[in-house]
1. Choose one of Leu154, His61, Gly91: the residue whose Cα lies farthest towards the positive end of the charge dipole of the range 4-189 (beta-carbon charges +1 Lys, Arg; -1 Asp, Glu; about the Cα centre).
2. Determine, at each q value in 0.15, 0.16 (inverse angstroms), the log₁₀ of I(q)/I(0) that the Debye formula gives when each Cα of the range 85-166 is one equal point scatterer.
3. May I have the convex hull volume per residue, in Å³, for the Cα set of the chain?
4. With each pseudo-label sitting 7 Å past Cα toward Cβ, what's the Asp67-Ala175 distance in nm, one decimal?
5. To check you understand DSSP bridge types, tell me what percent of the beta bridges within the range 4-189 (both residues inside) are antiparallel, rounded to 5.
6. 222 nm [θ] for the chain, helices only, -39500 (n - 2.57) per DSSP H run of 4+, per residue, to 500?
7. Which trypsin sites (Lys or Arg not before Pro) in the range 1-61 sit in a loop by DSSP (not H, G, I, E or B) and have at most 11 other Cβ atoms within 10 Å of their own Cβ?
8. About its Cα centre, what dipole magnitude does the range 4-189 give when the only charges are +1 on Lys and Arg Cβ and -1 on Asp and Glu Cβ, stated in debye to the nearest 20?
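Just so you know, all these numbers are worked out from the coordinates, no wet-lab data involved. As the structure is a prediction and not an experimental result, all values here were calculated from the model. Because the Cβ atoms are built from the backbone with ideal geometry, glycine has one as well, and the counts that use them run over all protein chains shown.
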Amino acid sequence: MSRKRVAILISGRGSNMVALIAAAKAPDYPAEIALVISNRPDAAGLARAQAEKIPTAVVDHTRYGKDRAAFERALEAELEAHRIELVCLAGFMRLLSPWLVERWRGRMLNIHPALLPAFKGLDTHRRALAAGAKTHGATVHLVVPDVDSGTIVLQEAVPIGAGDTEETLAARVLAVEHHLYPQALKLLAQGRVLSES
Ligand code: 4DW
Ligand code: GAR
């Protein structure tokens, strides 16, 4: 069976992107990373993708002012030009409108650094510590217009220790993200993820 063509959307460091690229090198992996798009020209992940000889594109949201529709049409044009079949958001920090999200319904994943539905939004590690949570984690979910709310594909728990700081907890969660995301993309590429109607 032919491998699904995947685009990864990033805004920064790109460590989850690197994990997906590494996983997709396995000959039996059902997806190939065909494109990396950043909305920020200075994202560190762009150089890491180029070092792996993966095509990259920059769609700089600041060039579209408040016109989110024009920004998203430019994103969509890149996805179409590269014949992309599945999209992975990996630290991509621009809110996508229902227009784009519906276009990719059931075919777009996001990774979130918490055990959804707990701790939606930003600063998840700080808030988990402040709440006195004993367990935290990471979630890969289908993207729907409502942020951090689509069907959960996989999630994995991470224990919180008494001595944890935001930094130590973030590092423990990130290590889990790096093995969770490739597993989730594999399931989606194999057609083993059912999205709700
Ligand atoms: C996410 C959600 C919202 C913002 C940033 C990140 C999590 C992942 C995600 C990215 N784009 C998405 C999702 C999602 O889960 N669902 C949808 N789109 N529909 C966010 O609100 N970002 C704001 C600004 C960030 C910045 O300053 O760069 C924004 O206004 O876009
Ligand atoms: C990751 O921890 C990811 O879960 C988080 O941003 C980081 C990106 O790191 N995403 C969100 O918070 C989405 N709301 P990376 O660029 O090294 O993959």
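1. The Cα lying farthest towards the positive end belongs to His61.
2. -0.55, -0.61
3. Expressed per residue, the convex hull around the Cα atoms of the chain is 122 Å³.
4. Each label point is offset 7 Å from its Cα along the Cβ direction, giving 4.7 nm.
5. Bridges in the range 4-189 that DSSP calls antiparallel: roughly 40 percent.
6. So the calculated ellipticity at 222 nm is -10500 deg cm²/dmol.
7. Here the sparse-neighbourhood loop sites are Lys25, Lys53.
8. 120 debye
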